[in-house]
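This report concerns only the one structure given below.
No lab work stands behind these numbers, since they all come straight from the coordinates. Note that the coordinates shown come from a computational prediction; the quantities given were computed from them, not determined experimentally. A quick note on method: Cβ atoms are made from the backbone with ideal geometry, for glycine too, and the neighbour counts reach across all protein chains shown.
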Amino acid sequence: MPGFPSIGGGSSDRGDLFGEYDEFDPEYNPEPGWFLSGQNVLADDAHIEFHEVTKEIFDDRGVYDMTFGYNLARLNLDTRHAGAGYRYAEQADDPTVLRAEFTPTTEFCPQSDTLTKGSFRAWNDLSERHSYDLIRVRVDRMHHRASEINAKLEELEKQYQESDSVTHVSDGGSDGPSRRTGCGTESGSESRGPGPDAPF
């Protein structure tokens, strides 16, 4: 299928399909949505610096999109999916809090639940890697399960603040898609690319 990686290598290995981590191109980053409205949105060097840290954290914690077979941070650089990925904003009333809003590739992306939870746990578990006391995560409202996913993320956030540990954060079990699905597949489809299992 054109535009998707294969086990033996393929389109995901083509450098011309991706931007660079040390560049910020608004054309290939999501527009800040409702969760970032009224906050101090990161752009240019500020976005680049945090997104480079995110790449390292996601590598260490295995936050991978299993459809595309790459670190989720790379979605922001994928020219085939302009407008998908993460945008960030420092909270207006508390700059020690960062808001992260995930825009999936489609409104039916079955992995959005797993990826946002994995992102939350990775960022907050490795808080020594960045300068924020808390990173709050939400999925963009374009997703058809946004209300449900965001309610779970809000609960995870509350539990984390009470325990100060992601190991004490429970999502009450998974009622979402298989861990090996991705944003470009139907729920339950086999992974299209290599890489570690999706986290958590």
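Annotations for the structure displayed:
- Take the Cα of D93, go 7 Å toward its beta carbon, and the backbone nitrogen atoms of segment 35-49 under 20 Å from that spot belong to 35-42.
- Around P95: net Lys/Arg minus Asp/Glu count, Cβ-Cβ under 14 Å: -2
- Cβ crowding within 10 Å, taken as a proxy for footprinting-reagent exposure, orders F18, F108, F50 from fewest neighbours to most as F108, F18, F50.
- Once the Cβ-Cβ distance of Q161 and E107 is raised to the sixth power relative to R0 = 22 Å, the FRET efficiency obtained is 0.15.
- Relative contact order of segment 1-152, defined on C-alpha pairs under 8 angstrom at six or more residues apart (%): 23 percent
- Antiparallel DSSP beta bridges within segment 27-168, as percent of all bridges there, nearest 5: 65 percent
- Here the mean projected area of the convex hull built on the C-alpha positions of segment 27-168 is 7.8 nm².
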